[in-house]
Amino acid sequence: MINLQAAAIDIGTNSSRLLIGELNCQENGINILERELQITRLGEGVDANKKLTKNAVNRVIKAIREYKNIMDKYDLKSIRVVGTSALRDVHNSEILTKEIKEIGFELQIISGEKEAQLNFLGAASSLKDQFLLLDIGGGSTEFIWPADKEINYKSLDIGCVRMTERFINNPEAEVSEEEIKNIEEFTLDLLSKELDLPQNLRLKGVGGTITTLAAVKHRMAVYDSSKIEGSKLNVFELNDFLTDFKDMNLVERSQVKGLQAERADIITAGLVILISILNFCACNNLTVSDKDLLYGLLKEQLF
């Protein structure tokens, strides 16, 4: 029997990720064979300048070449490479598209709507699952929820890289109360203007900010997706994290167990965004999922 295998790469504002999976017919699921993540910070300066920098493109290309070496070990049915918020924002995305094509892949810059659909496909078992899905990325946050057998979504420009660059003067230093207040006020103002959500939906969270905070909660020296999937975060412990993180400099934050050093400069902004969303939704907790857009891409290829 041939085991169908596929790969997916997500080039995001903050990171470039690879997921390789194999169809498990007996359980009607997917066995994960490889999982890789590199902080490539493609969105560096994008909020202010609306263009990709050469250094950022080089970081992504280096990661993609390494991922190609990994994928070459497998007999893959198909490979999907997608780009999200940062690539939607810039006017020179073709410089990255061209270099990725030279490696042998077609880069698809997906819409916010498609990103939301893939996230929901990854996180949900069916459209009957009634929850509000949050994906706090580097450039934007997606809100996805089912209604009348359809998927509703809203994409707002409140990602952790974007908010750090816009509101935190020196990410290597402690974060001031004023900077936190500015991120919180901006987030809550945008939510109140743009978001009209149904009442009493459970919250589920995906994406690097949320899974990282779950890893911090579990004090993970090595990331373990099996412990992340289904774990809980509540607003009280998140506020405790914020109290700790804001008084740390970059070196101190980078030493927190469960927090990647490369994410230490943007985690405080991501944390403020998440707390603001929970307060806006009048919700004290959320369930964390490790199955997001990448898992959705594998589902599209293998089912």
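The values are calculated or read from the model by the stated rules, or taken from the named source; none is laboratory data. Source: prediction; values computed, not measured. Positions of Cβ are backbone-derived with ideal geometry, glycine not excepted, and every protein chain shown enters the neighbour counts.
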Identity of the residue in region 116-160, in contact (Cβ under 8 Å) with a residue 60 or more places away in the chain and assigned to a helix (DSSP H, G or I), that ends up nearest to Asp89 (Cα to Cα): Cys160
Strands (runs of 3 or more DSSP E) contained in region 1-63 and holding at least 2 residues closer than 24 Å to Gly104 by Cβ and either hydroxyl-bearing (Ser, Thr, Tyr) or free of Cβ contacts under 8 Å to residues at least 40 places away in the same chain (or both): 15-24, 29-39
Boolean, Asn92 is assigned to a loop (DSSP other than H, G, I, E, B), of a type outside the set (Lys, Arg) and surrounded by fewer than 18 Cβ atoms within 10 Å (Cβ to Cβ): yes
Any hit, region 55-74, residues being surrounded by 14 or more Cβ atoms within 10 Å (Cβ to Cβ), outside the structural domain of Arg263 (by TED's automatic domain parsing) and among the hydroxyl-bearing types (Ser, Thr, Tyr): yes
Per-region count, region 185-207, residues more than 18 Å from Ala124 (Cα to Cα) and surrounded by 17 or more Cβ atoms within 10 Å (Cβ to Cβ): 3
Cβ-Cβ under 7 Å pairs, at least 6 apart or on other chains, region 262-283 side assigned by TED's automatic domain parsing to the domain that holds Ala215 and touching a residue at least 60 places away in the same chain (Cβ under 8 Å), far side surrounded by 21 or more Cβ atoms within 10 Å (Cβ to Cβ) and in a loop (DSSP other than H, G, I, E, B): Ile266/Asn14; Thr268/Val175; Ala269/Ile168; Ile273/Ile158
Residue, nearest to Gln130 (Cα to Cα), within region 161-206, restricted to residues that are outside any helix (DSSP H, G or I), among the charged types (D, E, K, R) and touching a residue at least 12 places away in the same chain (Cβ under 8 Å): Arg202
Answer residue from region 284-303, given it is among the hydrophobic types (A, V, I, L, M, F, W, C) and at pLDDT 95 or above and is surrounded by the most Cβ atoms within 10 Å (Cβ to Cβ) among those: Leu293
